[in-house]
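Nothing in this text is a laboratory measurement; each read-out follows from the coordinates by a stated rule. Every value quoted in this text rests on a predicted model; they were computed, and no experiment measured them. Every residue, glycine as well, gets a Cβ built from its backbone with ideal geometry; the counts of neighbours run over all protein chains shown.
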């Protein structure tokens, strides 16, 4: 009887879904550039300094990541503070994201393969409207079973509620999922909920860590 219970428990806790962050995981800093920093790029375009720039966008940018302000209103306020036009500011941000990030094609191919093996896949990412436009190719949405983006759901990591949202979308228990992120502070609440976690450093390390969690890669 005890053996049956243990077997059932292992079966119930078997990994069934992999959940990925985007910035720093599915989208990497472009190695062609020495300083892959979006904000520095924008400050240079606006001919301002970083302190002035962050003072001008800080509160609005944070609200936009959580979807608590519209894209138009966010750009209007930020552009006014930075003494530019919303059109120019939007253009500079989109240029910066496209210049300083590069799609992690190897990991995306892995996502496609693992999904064919019966695993569910999901995205859990903090983004505001313009980073979402730049870093989320349209076919992303076809390659994942759930796509949870902070500006769409009104919550950002590390708020535990956003992890609950992706679990509900996948219809899985925390123990049946692996969350992969490049920041320790985003890993901590997932682990506390009972999700298995991997701190992303590179593709090889991440895939090896998945093997250790008994994710069937072949």
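Centroid-to-centroid, using Cα positions, the stretch 82-159 and the stretch 163-218 are 18 Å apart. For residue 208 and residue 85, the difference between the fully extended length at 0.36 nm per residue and the C-alpha to C-alpha distance is 39.6 nm. Each residue, residue 113 and residue 99, gets one label point 7 Å from its Cα in the Cβ direction; the gap between the two is 3.5 nm.
Assuming 0.36 nm per residue, please report the length gained on full extension of the stretch residue 44 to residue 61 beyond their Cα-Cα distance.
4.3 nm
Sort 54, 92 so the one with the fewest other Cβ atoms within 10 Å of its own Cβ comes first.
The most exposed by this proxy come first: 54, 92.
In degrees from 0 to 90, rounded to the nearest 10, what is the angle of the helix 160-170 Cα long axis to the longest principal axis of the chain? Around 60 degrees separate the two axes. Against the main long axis of the alpha-carbon atoms of the chain, helix 71-82 sits at an angle near 50°. Which residues in the stretch 65-101 have a backbone N closer than 20 Å to a point placed 7 Å from the Cα of residue 52 along the Cα-to-Cβ line? The answer is 75-93.
Put in order of Cβ neighbour count within 10 Å, fewest first, the listed residues 119, 163, 141 become 141, 119, 163.
Report, in degrees rounded to the nearest 10, the 0 to 90 angle that the Cα long axis of helix 50-65 makes with the longest principal axis of the chain. That helix lies at roughly 50 degrees to the long axis. Computing Rg and the Kirkwood Rh from the Cα coordinates of the stretch 38-101 gives a ratio, Rg/Rh, of 0.93.
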